[in-house]
Amino acid sequence: MLTKLAGGRLFDPANGRHGEVADLWLRDDRITADPGPGATPDATYDLTGKVVMAGAIDIHSHIAGGKVNLARLLMGEEHEHHRFAGSPCGCGGGSGLATPSTHTTGARYIEMGFTAAFEPAMLGSNARHAHMEMGDIPYIDTGGYLVLGSDDFLLDLIATNAGQAAINDYVAWMLTATQSLAVKVVNPGGINAFKFNARTLDLDEPGPYYGVTPRTVLTVLARAVYELGLPHPLHVHGCNLGVPGNVATTLDTIQAASGLPMHMTHIQFHSYDNEGDRKFSSGAAALAEAVNRTPTLSVDIGQVMFGQTVTASADTMAQRHTAPLAHPRKWLAMDIECDAGCGVVPFRYRDNSYVNALQWAIGLELFLLLDDPWRVFLTTDHPNGAPFTFYPELIRLLMDRDYRLAKLAEIHPDAPAHTTLGSITREYTLAEIAVMTRAAPSRILGLADRGHLAPGASADVTVYTDRPDRRAMFERPDLVFKSGRLVVRDGTLVAMAQGCTHVVRPGFDDLIERRIARHFDERLGLPIKHFRIRDEEIRHGAGPILHPCRRREVP
Amino acid sequence: MTFHPEILCPFCGLGCGDIGIDQDDSGIAPRPSGCPQADRLFRRPMGVATDARMAGTPVPVDQAVAEAARLLGSARAPQIAGLAADVEGVLAALTLAARIGATVDHERSDALFRNLAVLRRFGWSVTTLAELRNRCDLVLVVGPDPAAAFPRLWERWVAPAPAFVPGGDRSVVFLGGEPLPETVQCLAGQIETQGMEADPQPDLATLVTRLRTALAGRTASNDARMAELAARLRAARYAVVVWAAGLFEGPQPDLIVEALVRLVRTVDGTTRCAGLPLSGADNLIGANQACTWRTGFPLRTGFEAGAPSHDPDRFAWRTRLRDADVTLWISAFRPEVPEFGTSGSVIMLAPPETAITPEPALFIPVGTPGIDHAGDVFRADSVVALHAGALIDRGLPSVADVIGRMLVALEQSAETQEAAGC
């Protein structure tokens, strides 16, 4: 099948194209070079004046696994009110907004022109579940980031001075056994400390049982990820999430990395200062300045948008602090398998609440003060800041200053004084949006054939009408192709497609397996062989897509 | 004779991964595992009938599948129940349910819904089996001994010394229930009972209320033992409250569950305390997980004009039997089916050695996950999913295979009707 997308304006920053008019050719599931004048395409689309981009990639979205399913159960009212029938193309319908069911998740993403989304908090003990669920999400590529850093095995390795090499082997073994794409650390050591009844744990505070500080956990994991040569740097959900004044901890965390690459996630929740009468103010300017001058750092925002959502996190310690604010007033918490935990707290962000309004403003401030779109990613930490379906609205806020100022005027009247948002004139360009949602995500995750439009890339393509209302433009693409198949036309699903699961497999010295096997026998009560996820378990036998790792030495 | 070590058991929901299985030409048999369920259900003969039956008469499976598709496709109020299958089988059943507008429920979901009712209206604070084993210094068992449903619970998760408890000491207190003799033997001196002395048939709800009153510091002076238990909960480092809601008797058992969750929250405010609600034989938890991720709702969900619709009362399978005109009953794990009566037709997918009375309209033999084919099952604590491998090939299809063929048959008949201009 040969398809010609004729005469569109290509926004393909990975290949240096910023709106140039050109034809784009798809052969089967790949983008292909112009086959020359003799070729007759099976289908031709006249895209004169249209904006053409690769399929968008969401690097941080809680779409699958135990905590998401628990959140669905907790959010019964939402599901009751938002039920969807299947489409004739085979998409099975479902329910939910903040915690959509699997088919609904795939449908909502592809309708917006997203062709990949990654689950950023997969627990090893829950990985098989997460993979089953990801395999049931149609249309989009997926993958999981393995949560480490509060698991008793790792803390024991650190506490007994097993050495960096053993830690690297363990990390590599776990990535392989759980079919993961990257490593995430969540409140380093904090989830473990909470199991020993510590209610807070600061960056340099020794944890209650192992005596290991979060700083140590963070640095050994950042080093392991670097030395194993994983494409994606350590994905860091830092200490003190949501605590006023936590920007100081966040700045310290940047120092802790001491030059090792690091991705700091949902930094909006980690950018709070404690100035003013309410002891709650924006620390965005200081943080943005630090990120701007640290080229080894990348960040995503975790933008808050107003409305009902639910927060779901492995950070049981932080979630216990949030629980009294639950709306509706119910929440759940779990300690999990000497591994980590999860906390689910429904939440309603209100524009007339000073704190929520400021959270909204801080997120936008960060987007606008961070000067390199290759190192900042569009996220709402779905569903924690807002459901991912708010992305078109968020893009409009970034691209349209007048609209942004109008919205700023609607929030709690005391909030604007505590942020610099009103004075920022920057508007994102289409080229910058294409970097932030396509080229940069594929680069930071090591997905060489995604996020761009060069020959050989996966034929994941989104076509938009260039409208002044950027929300309307990004909400409803004209055409979306997944692996070369037209799946969305004018915002409506027209065909079914399945994505892939992306993983890394860095290799390890298998001597580590003896120590891990003993841990499984003595602590987890499960022979190690039952833990490993085989390739044939991924996507009903299709197996994963492997991405190369290149081992490195810390200079 | 072949020996298979470390085989995963998919039956009760504890996910034991250490079963030894002997295989010879006559079939498979387990080495004694300490679990009556595994010892019984892993014993399978090689020679079984692989034919389907239509009204008791053997027919090829293809013919039975075509007839099942016809019955299901023309049903006005179909239900898919039993639902005892691996996750693949459950997902296939959900696809079929959406296609024909059926409700879905698992045979053993009563216990689950007692817990879910509380989760959905109040939330909960719970833990998993490895946390129980390694961190817990005080186990409070509420109600009847869960070992009745989870035979190796104590042996595997409480008898080993906890890794993170200084000195390795832990106590097990039974509140309003008697430990089974096997439990007493397994846990030896760790066990105490509470609330049994005054009344041989204790009202569980009252006992839990007395304990919560004691925790609130408002104990009647004659309830010193409850005050002492409350003090021990507060003094414990990591207490785990274990219950099997399926074994609770009396009206509104979900209120006992809610009281327990509130009790856990009270204790957890100052020290650590978590619940461990156990339910989940025959992949009940996996069926609920899959139903939740696919539809956004737990089991007892149906489809109205293609959109899911949940009703924990009306769509419970026994209630639904009253008005279902076709029931597709799935029981892949054990050759047993509960007794039920319905005026509708019954299509049954079950192991071939299943004895059924009365004979259903259609019987299609299926294999057991973890014996005849590989399949995923969830553990009773809901976090850990396990992949049970295949042991023998008796020519039995999986539930997902059979339902997949029904879906193809339904598709073909829809196309034929379209072509004929129906």
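The values are calculated or read from the model by the stated rules, or taken from the named source; none is laboratory data. All values derive from a computational prediction rather than experimental measurement. Note that each Cβ is placed from the backbone with ideal geometry, even for glycine, and that neighbours are counted across all protein chains shown.
Screening B:Glu107 with (1) within 11 Å of chain A (Cβ to nearest Cβ); (2) part of a loop (DSSP other than H, G, I, E, B) gives one miss only, at (1). Scanning the range A:442-467 for residues that are of a type in the set (Gly, Ala, Ser) and in a loop (DSSP other than H, G, I, E, B), which turns out nearest to A:Gly499 (Cα to Cα)? Among residues in the range A:442-467 that are of a type in the set (Gly, Ala, Ser) and in a loop (DSSP other than H, G, I, E, B), the one nearest to A:Gly499 (Cα to Cα) is A:Ala459. Among the residues making up the range A:107-155, none is within 11 Å of another protein chain (Cβ to nearest Cβ), closer than 22 Å to A:His266 by Cα and of a type in the set (Val, Ile, Thr).
Every condition in (1) touching a residue at least 12 places away in the same chain (Cβ under 8 Å); (2) within 24 Å of the chain's Cα centre (by Cα) holds for A:Leu73 except the one numbered (1). The conditions of being crowded, with 24+ Cβ neighbours inside 10 Å, at the interface with chain A (Cβ under 9 Å from one of its Cβ atoms) and farther than 16 Å from B:Ala380 by Cβ are met by B:Trp293. Collect the residues in the range A:481-494 that are surrounded by fewer than 17 Cβ atoms within 10 Å (Cβ to Cβ) and small (Gly, Ala, Ser), keeping them in residue-number order. The one that is surrounded by fewer than 17 Cβ atoms within 10 Å (Cβ to Cβ) and small (Gly, Ala, Ser): A:Gly491. Looking for something among the acidic types (Asp, Glu) and in a loop (DSSP other than H, G, I, E, B) - is there at least one such residue anywhere in the range A:428-435? Checked the range A:428-435: no residue is among the acidic types (Asp, Glu) and in a loop (DSSP other than H, G, I, E, B). Any residue that is within 30 Å of B:Thr128 (Cα to Cα) and surrounded by 24 or more Cβ atoms within 10 Å (Cβ to Cβ) - is there at least one of those in the range A:45-60? Yes, because at least one residue in the range A:45-60 is within 30 Å of B:Thr128 (Cα to Cα) and surrounded by 24 or more Cβ atoms within 10 Å (Cβ to Cβ). For the condition farther than 14 Å from A:Thr462 by Cα and within 10 Å of another protein chain (Cβ to nearest Cβ), A:Arg72 qualifies. Here A:Thr425 clears all of (1) in a loop (DSSP other than H, G, I, E, B); (2) closer than 23 Å to A:Ala107 by Cα except the condition numbered (2).
Taking the range A:75-95 as the range and being of a type outside the set (Gly, Ala, Ser), farther than 20 Å from A:Pro392 by Cβ and more than 8 Å from chain B (Cβ to nearest Cβ) as the test, the residues that pass are A:Met75, A:Glu77, A:Glu78, A:His81, A:Pro88, A:Cys89, A:Cys91.
Being without any contact (Cβ under 8 Å) to a residue 24 or more places away in the chain and surrounded by fewer than 24 Cβ atoms within 10 Å (Cβ to Cβ): is that true of A:Leu325 here? Criteria met by A:Leu325.
Is it fair to say A:Pro13 is under 18 Å from A:Gly456 (Cα atoms), touching a helix residue (DSSP H, G or I) at 6+ places or on another chain (Cβ under 7 Å) and in contact (Cβ under 8 Å) with a residue 12 or more places away in the chain?
So A:Pro13 passes the test.
The number of residues in the range B:1-12 that are more than 14 Å from chain A (Cβ to nearest Cβ) and touching a residue at least 40 places away in the same chain (Cβ under 8 Å) comes to 2. Of the strands (runs of 3 or more DSSP E) lying entirely inside the range B:347-396, those carrying at least 2 residues that are in contact (Cβ under 8 Å) with a residue 24 or more places away in the chain and more than 12 Å from chain A (Cβ to nearest Cβ) are B:362-365.
For the range A:534-555, which residues satisfy the criterion of being at the interface with chain B (Cβ under 9 Å from one of its Cβ atoms) and not in a helix (DSSP H, G or I)?
Residue satisfying the conditions is A:Arg534 alone.
In the range B:1-88, counting only strands (runs of 3 or more DSSP E) that sit wholly within it, the ones holding 2 or more residues that are of a type in the set (A, V, I, L, M, F, W, C) and outside the structural domain of B:Pro369 (by TED's automatic domain parsing) span B:2-7, B:19-24, B:27-30. Among the residues of the range A:349-358, not a single one is crowded, with 24+ Cβ neighbours inside 10 Å, aromatic (Phe, Trp, Tyr) and either part of a helix (DSSP H, G or I) or touching a residue at least 60 places away in the same chain (Cβ under 8 Å) (or both). Filtering the range B:256-297 to residues that are part of a loop (DSSP other than H, G, I, E, B) and among the β-branched types (Val, Ile, Thr) leaves B:Thr270, B:Thr271.
The rows are residues; the columns are (1) within 14 Å of chain A (Cβ to nearest Cβ); (2) touching a strand residue (DSSP E or B) at 6+ places or on another chain (Cβ under 8 Å); (3) surrounded by 19 or more Cβ atoms within 10 Å (Cβ to Cβ).
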residue	(1), (2), (3)
B:Ala230	no, no, yes
B:Ala236	yes, yes, yes
B:Ile256	no, yes, yes
B:Arg262	yes, no, no
B:Gly269	yes, no, no
B:Arg272	yes, yes, yes
B:Gly275	yes, yes, yes
B:Phe297	yes, yes, yes
B:Gly302	yes, yes, yes
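Just to be sure before I move on: is A:Ala98 of a type outside the set (Lys, Arg), within 13 Å of chain B (Cβ to nearest Cβ) and either touching a Gly at 6+ places or on another chain (Cβ under 6 Å) or part of a strand (DSSP E or B) (or both) in the structure I sent?
Details: of a type outside the set (Lys, Arg): yes; within 13 Å of chain B (Cβ to nearest Cβ): yes; either touching a Gly at 6+ places or on another chain (Cβ under 6 Å) or part of a strand (DSSP E or B) (or both): no.
No: the conditions fail for A:Ala98.
From A:Gly207, A:Gly211, A:Gly242, which residue is free of Cβ contacts under 8 Å to residues at least 60 places away in the same chain and either crowded, with 17+ Cβ neighbours inside 10 Å or touching a Gly at 6+ places or on another chain (Cβ under 6 Å) (or both)? Before the answer, list the steps.
Details: A:Gly211 fails: either crowded, with 17+ Cβ neighbours inside 10 Å or touching a Gly at 6+ places or on another chain (Cβ under 6 Å) (or both); A:Gly242 fails: free of Cβ contacts under 8 Å to residues at least 60 places away in the same chain.
Exactly one residue qualifies, and that residue is A:Gly207.
For the range B:65-86, check the following and say yes or no: at least one residue is of a type in the set (Asp, Glu) and without any contact (Cβ under 8 Å) to a residue 24 or more places away in the chain. No; the residues of the range B:65-86 include none that is of a type in the set (Asp, Glu) and without any contact (Cβ under 8 Å) to a residue 24 or more places away in the chain. Close contacts from the range A:519-533, counting a first residue that is at the interface with another protein chain (Cβ under 9 Å from one of its Cβ atoms) and in contact (Cβ under 8 Å) with a residue 12 or more places away in the chain and a second that is polar (S, T, N, Q) and in a helix (DSSP H, G or I), with Cβ to Cβ under 7 Å and a gap of 6+ residues or different chains, come to A:Arg523/B:Asn134; A:Ile533/A:Thr178. A:Leu287 meets all of the listed conditions (1) more than 14 Å from chain B (Cβ to nearest Cβ); (2) surrounded by fewer than 24 Cβ atoms within 10 Å (Cβ to Cβ); (3) assigned to a helix (DSSP H, G or I) but one, namely (2).
Name the residue that is nearest to the other protein chains (Cβ to nearest Cβ), counting only residues in the range A:156-173 that are aliphatic (A, V, I, L, M) and over 16 Å from A:Ala222 (Cβ atoms). Going through the qualifying residues, I end up with A:Ala159. Here are some residues: A:Ala182, A:Ala193. Which one is surrounded by 24 or more Cβ atoms within 10 Å (Cβ to Cβ), within 14 Å of another protein chain (Cβ to nearest Cβ) and within 29 Å of A:Leu287 (Cα to Cα)? Exactly one residue qualifies, and that residue is A:Ala193.
Got a sec? Which of B:Arg108, B:Arg70 is surrounded by fewer than 24 Cβ atoms within 10 Å (Cβ to Cβ), within 14 Å of B:Leu299 (Cα to Cα), of a type outside the set (Val, Ile, Thr) and modelled with pLDDT of 95 or more? Write out each step before concluding.
Values: B:Arg70 fails: within 14 Å of B:Leu299 (Cα to Cα).
Among B:Arg108, B:Arg70, only B:Arg108 is surrounded by fewer than 24 Cβ atoms within 10 Å (Cβ to Cβ), within 14 Å of B:Leu299 (Cα to Cα), of a type outside the set (Val, Ile, Thr) and modelled with pLDDT of 95 or more.
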